[in-house]
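Written out below as structure tokens is the structure these notes cover.
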Ligand code: GLN
């Protein structure tokens, strides 16, 4: 195959809840349907920094606090490589616990502070109040994306994430909670990395985000490709089923008419 991408699935055995593995299936299928070769590399406790640095797209799902503590210890060894990858524009999507990992720190409900990677200018504190649970719809208006769209998902988190000045929110909350209980904003975007609370999984229901990640990965791995050539590779796919799934959620939430 002319083009190929290595999808790094960070901690599939510890960080993958509420269907997050669907993000890997979505990225894999959408590449394969366009004739792009795909390898999926699970990156976990036994993986080396070299295994990580060979990835072209990264995906990390969510977890409970107990798994996050184990992963935090391991990630401290891979921090330099992961930071360099994010800084250099390797695209990635980091969901819920994964999102929290990229920030400066995560404070658990009992006050335990876990240092995080500090790659994204955000921090998270779990005040031990009610968890923020339910279906969520956001409007993505960030100028980084070639789409302005309603994006749907499912959130379940105790942590409240506060954004610093170096990141932009992924979208405005139309229904649900988002990053914390007051800002009405969801997620954070930095370079080609997206942190979000949207499980669901997010990519099969919102394939425009999957294609954005694939586009960025191709740009990075094959810098001689023009935008026109990339568009020729990323030919449209019949997404009517995904569209219907998204519409069903939007109708259920009363955002679009039945
Ligand atoms: N432990 C984190 C929280 O509750 C992450 C939860 C998740 O990944 N769904 O805030």
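The values are calculated or read from the model by the stated rules, or taken from the named source; none is laboratory data. Predicted, not measured: the structure shown is a model, and the values here were computed from it. Here the Cβ positions follow ideal geometry from the backbone for every residue, glycine too, while neighbour counts run over all protein chains shown.
Summary of computed values
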quantity	calculated
Residues located in the range 148-164, provided they are part of a loop (DSSP other than H, G, I, E, B) and within 16 Å of the ligand (Cβ to nearest atom)	158, 159
Subset of the range 156-172 [more than 22 Å from residue 114 (Cα to Cα) and surrounded by 18 or more Cβ atoms within 10 Å (Cβ to Cβ)]	169, 170, 171
Single match in 232, 258 (criterion: without any contact (Cβ under 8 Å) to a residue 60 or more places away in the chain and either under 22 Å from residue 200 (Cα atoms) or touching a strand residue (DSSP E or B) at 6+ places or on another chain (Cβ under 6 Å) (or both))	258
Matching residues in the range 30-50 - criterion: being out of contact with any helix residue (DSSP H, G or I) (no Cβ under 9 Å at 6 or more places or on another chain) and more than 19 Å from residue 70 (Cα to Cα)	32, 33, 39
Test: residue 125 is farther than 27 Å from residue 25 by Cα and within 16 Å of the ligand (Cβ to nearest atom)	yes
For residue 213: the one exception among (1) part of a helix (DSSP H, G or I); (2) at pLDDT below 95	(2)
Filtered residues of the range 63-112 (kept if under 23 Å from residue 134 (Cβ atoms), part of a loop (DSSP other than H, G, I, E, B) and modelled with pLDDT under 95)	63, 64, 108, 109
